[in-house]
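*Asks:* Sending over a structure as structure tokens; questions will come in a sec.
No lab work stands behind these numbers, since they all come straight from the coordinates. All of these numbers come straight from a predicted model, not from anything done at the bench. Because the Cβ atoms are built from the backbone with ideal geometry, glycine has one as well, and the counts that use them run over all protein chains shown.
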Amino acid sequence: MNVKRSGQPAYVVLPGVHRVASLAKRWLASTHQGRFDEAHLPNYLDEWVFRFNRRRSTSRGLLFYRLLALAVDHDPVRYRQLVANSKSKKVPPVPQGRRGHPPSLDRPRAERPWRLAP
């Protein structure tokens with residue numbers, strides 16, 4: 001991609017923009033293992049901005065204190081507020097396969113004469 005007026009590639013004219021974009025993509029691919037939900041993308045980017053802005057912080061203890069103060073001042077976040085589809089399912093999902101003990105445990109009872117009732 002060339003910047004129209006200068007004729008130079010965009011990564012030469014805007015190196016900071018490309019660095020931030022590449023760091024964000026690398027963080028998203030590594031932290032979330034390449035799997036993320038598009039509905040949560042704004043929250044992921046908020047977290048990344050939080051980390052990016054504090055990457056050179058010299059007072060980590062103060063940062064932790066501030067994070068605790070923010071956590072205490074806000075109401076708790078429930079699971080239903082975090083998920084994209086907060087409505088419960090009408091029919092619960094059916095588990096795949098058989099339930100119960102694995103086949104290795106399906107064997108006859110051991111003979112234990114000492115456990116017989118007198």
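*Asks:* How large is Rg over Rh for the chain, taking Rg from the Cα atoms and Rh as the Kirkwood inverse mean of 1/r across Cα pairs?
*Replies:* 1.29
*Asks:* A further question on this structure: If the cut-off is a Cα-Cα distance under 19 Å, which aspartates and glutamates reach Lys25, setting aside same-chain residues fewer than 8 apart in sequence?
*Replies:* Asp37, Glu38, Asp46, Glu47
*Asks:* Given the rule -39500 (n - 2.57) for each run of at least 4 DSSP H residues, summed and divided by the residues of the chain, what is its mean residue ellipticity at 222 nm, to the nearest 500 deg cm²/dmol?
*Replies:* -13000 deg cm²/dmol
*Asks:* Pick out, from Leu67, Pro113, Ser22, the residue whose Cα sits farthest towards the positive end of the charge dipole of the chain, with +1 on the Cβ of Lys and Arg and -1 on the Cβ of Asp and Glu.
*Replies:* Of the candidates, Pro113 comes out farthest on the positive side.
*Asks:* Go ahead and run the numbers for FRET between Phe50 and Val77, Cβ-Cβ distance against an R0 of 22 Å, rounding to 0.05.
*Replies:* That pair, Phe50 with Val77, gives E of 0.90.
*Asks:* Hey, another quick one. Please return the longest range in the chain lying between exposed loop sites, taking trypsin sites (Lys or Arg not before Pro), DSSP loop only, at most 13 other beta-carbon atoms within 10 Å, and leaving the sites out.
*Replies:* So the longest stretch without any such site is 6-34.
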